[in-house]
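Working notes, structure below.
The values are calculated or read from the model by the stated rules, or taken from the named source; none is laboratory data. Because the structure is a prediction, the values reported are computed rather than measured. Here the Cβ is made from the backbone with ideal geometry for all residues, glycine too, and neighbour counts use every protein chain on show.
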Amino acid sequence: MSSGDFYFAINATFRFIHDRFGMDGLRAYWRELGRDYFRPLSERFRDGGLPAVEAYWRDFFRQQPCGAAEVIREPEQVRIEVRDCPALRWLRDHNRDVFEHYCDHCRYVSEEIADQAGMRFELEGGGSQCRQRFISGRDAQP
Amino acid sequence: MIGVHDFCGHYDWTFEYLRRLGGEELVARYWREAIGFDSQRHALQLFLAKGIEGMAEYWGHTLTLEEAGYRLSRNQDVFRLDMHACPSKGYLIEHGLEAYPDYCTHCIGWIGPVAEQAGFQVDHEHNHCGQCWWELHRNAGEEARRDVREQAGADNVEHHPRWPMGTHHRFRNGKPES
């Protein structure tokens, strides 16, 4: 189990970059984080396909200190049903002001991870509950 | 989604991203403002409200959560922390990550300003191998500082066989020693 207090730093980092560089600067940070820091993860997904995507996200949620999510592998996609976002749960339970665009990082970071893996990422919802999908094939139709 | 399980990896990566964007000045501002006075504001609240006892409470909680190898020693004038196995730097070493070349300095980068705001001076040294020591005090004399080192005893990291390894950076009153 990892320290949930690290969510405080993630939240503060987004706010710091946004306050100095605006939303465009923050999106650029998220995209480069997805492309560069998470490149090894994209390679795992590209090499291992949907089973690797499923394994990563199952392990991911197991290591967060709170929250609830279901990871489901289907023939053409891995669907992640976030019932209670771990980050938002921790921040709210510790009376922290959640940065207003906190949820957006999932879209921008994961789009880059998926794109480099030859996949497509889609997200619906937000604010504690959302559905995230890693879909086989970059050109797959919604 | 960015998780906390590999936090130290993307934290280190972020330092280098900010350095490329705005130089060391932006990195220092990030540590001070975002980490010190936003993320870790509970540390400032504890230091202000309870002084040295607040430090023991803060680091006892944080380092236990992070499963660190450490020893806390204190008397009424000095708080000392000996870190034998920093989980944060340890994660980077274990995973071969070093985006930013001076990761260890982030701690003094936020603890220094927070301690100063609470009225404390900070002396500190790290070896970039996951080991460091800290002494936070208000103009404490040498006798009080010797006392906490004696309390640490064999857990004084400066006595550890691996302590001389690596590159040492030393800070007095929160400022790097030349």
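Table for the structure above
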quantity: Enumeration of residues in segment A:37-56 that are without any contact (Cβ under 8 Å) to a residue 40 or more places away in the chain and crowded, with 19+ Cβ neighbours inside 10 Å; calculated: A:Y37, A:E54
quantity: Selected residue (only one of A:R96, A:R133, A:R120 is outside any helix (DSSP H, G or I), within 11 Å of chain B (Cβ to nearest Cβ), of a type outside the set (F, W, Y) and surrounded by 18 or more Cβ atoms within 10 Å (Cβ to Cβ)); calculated: A:R96
quantity: So B:L72, is it touching a helix residue (DSSP H, G or I) at 6+ places or on another chain (Cβ under 8 Å), assigned to a helix (DSSP H, G or I) and more than 9 Å from every other protein chain (Cβ to nearest Cβ); calculated: no
quantity: B:L92 being buried (at least 17 other Cβ atoms within 10 Å of the Cβ), touching a helix residue (DSSP H, G or I) at 6+ places or on another chain (Cβ under 9 Å), more than 8 Å from every other protein chain (Cβ to nearest Cβ) and not in a helix (DSSP H, G or I); calculated: no
quantity: Subset of segment A:1-21 that is polar (S, T, N, Q) and under 21 Å from B:L97 (Cβ atoms) - its residue that is surrounded by the most Cβ atoms within 10 Å (Cβ to Cβ); calculated: A:T13
quantity: A:D24 surrounded by fewer than 17 Cβ atoms within 10 Å (Cβ to Cβ), in contact with a Cys (Cβ under 8 Å, 6 or more places away or on another chain) and more than 10 Å from every other protein chain (Cβ to nearest Cβ); calculated: no
quantity: Search result, residues across segment B:1-17 that are at the interface with chain A (Cβ under 8 Å from one of its Cβ atoms) and in a helix (DSSP H, G or I); calculated: B:F7, B:G9, B:H10, B:Y11, B:W13, B:T14, B:Y17
quantity: Yes/no for A:V53 being more than 11 Å from chain B (Cβ to nearest Cβ), in contact with a Phe, Trp or Tyr (Cβ under 8 Å, 6 or more places away or on another chain) and in a strand (DSSP E or B); calculated: no
quantity: Selection status of B:L63, free of Cβ contacts under 8 Å to residues at least 60 places away in the same chain and crowded, with 16+ Cβ neighbours inside 10 Å; calculated: yes
quantity: Any hit, segment A:63-79, residues being more than 8 Å from chain B (Cβ to nearest Cβ), in contact (Cβ under 8 Å) with a residue 60 or more places away in the chain, under 17 Å from the mean Cα position of the chain (by Cα) and surrounded by fewer than 18 Cβ atoms within 10 Å (Cβ to Cβ); calculated: yes
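Residues are listed down the side, and each one gets a yes or a no for (1) of a type in the set (S, T, N, Q); (2) touching an Asp or Glu at 6+ places or on another chain (Cβ under 6 Å); (3) at pLDDT below 95:
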site: B:I108; (1), (2), (3): no, no, no
site: B:G112; (1), (2), (3): no, no, no
site: B:E116; (1), (2), (3): no, no, no
site: B:H124; (1), (2), (3): no, no, no
site: B:W133; (1), (2), (3): no, yes, no
site: B:V148; (1), (2), (3): no, no, no
site: B:P161; (1), (2), (3): no, no, yes
site: B:H169; (1), (2), (3): no, no, no
site: B:P176; (1), (2), (3): no, no, yes
